[in-house]
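K.L.:
Dumping the structure here so I can ask a few things about it.
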Amino acid sequence: MRVLFIAHDHMSPEGPIGERFAQRGYEVVVHRVVPRERYDSPGVDADFPDFTEFDAVVALGAPWSSYDAGVASWVDPEMAQLRRADEAGVPVLGICFGGQLLAQTHGGSVGRSDHPEIGWVEVESDEPAIVPPGPWFQWHYDRWTLPAGAREVARNAAASQAFVLRRNLALQFHPELVSTTLAGWLGNGGAAEARTFGHDLDELFAGTAAVDQRSRERAHALVDGFLDLVAPGDAAGVTAAAGRL
């Protein structure tokens, strides 16, 4: 079995999400969209692998918005691949930007949020076997509207936080984040943003490092929920979806 991780930039490691896929017997394949040297000019020509050649796909986060004109050169091709994956019944896990891209791909919308979030935030879950409740790390300025037929499974006061649509699971938060990830984000321009949200950087990092092991366990549980409860899907629903697309 193989899982494809779409890393949209060099600051998006797969972290404990990738760890758990590997532990579950998947070969982890990582495709980076925007190379390090194009971080400030991300409108690259992207040549995506065929998503349908994999047993699962994980679309990671990004520092850009899905509707930014500067990334349209690869957002549209990636959305086309996500549609093909859905038609073929390939399970897709979308994280933050990846979750928003799933919403936009399947008929929802993505726009600027009135309540952007950075840091550890409580999330209410209707289905804890899929999305464990409690604090998850957030770093987003946008929010989605749900696609038709999607089942929202988690939320907070700021935004919808997770939905299931056929074999797709979209997340607004970052289950892949551990303290090393956060250190990279803060050192790559995120420190000023975090301060704007009132965070003391030392406290934010120390608090994240203190729960690294727990974060890994929760991320592993989320992958298990995705693989065991979302990925099996509903074959009839997938067939019907393919007929509409």
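K.L.:
Report, in debye and to the nearest 20, how large the dipole of region 96-143 comes out about its Cα centre when Lys and Arg carry +1 and Asp and Glu carry -1 on their Cβ.
P.N.:
240
K.L.:
Report, to two decimal places, the Cα Rg of the chain normalised by 2.2 N^0.38 Å (N = number of residues).
P.N.:
Normalised Rg, Cα atoms only: 0.94.
K.L.:
Distances longer than 28 Å among the Cα atoms of region 1-145: what percent of all pairs is that?
P.N.:
16
K.L.:
Give the distance, in whole Å, between the Cα centre of region 28-86 and the Cα centre of region 206-230.
P.N.:
24
K.L.:
Right, next: Could you check what % of the DSSP bridge pairs in the chain are antiparallel, to the nearest 5?
P.N.:
55
K.L.:
Another question about this same structure. Treating the beta-carbon of each Lys and Arg as +1 and of each Asp and Glu as -1, no other charges, what is the dipole magnitude of the chain about its Cα centre, to the nearest 20 debye?
P.N.:
Charge dipole of the chain: 340 debye, to the nearest 20.
K.L.:
Let me ask something else about it. Once you place label points 7 Å from the Cα toward the Cβ at Ala210 and Phe197, how far apart are they in nm?
P.N.:
If labels sit at Ala210 and Phe197, their model points lie 1.8 nm apart.
K.L.:
Using 0.36 nm per residue of separation minus the Cα-Cα distance, give me the extension gain between Tyr141 and Ala157 in nm, one decimal.
P.N.:
The span from Tyr141 to Ala157 would gain 4.3 nm if fully extended.
K.L.:
Students often check this: by mean Cβ neighbours within 10 Å, which of 216-228, 157-169 ranks highest, and how do the rest follow?
P.N.:
Ranked by mean Cβ neighbours within 10 Å, highest first: 157-169, 216-228.
Where a number appears in this text, it was derived from the coordinates with a stated rule and is not lab data. All values reported here derive from a predicted model rather than from experimental measurement. All Cβ positions, glycine included, derive from the backbone under ideal geometry; neighbour counts span all protein chains shown.
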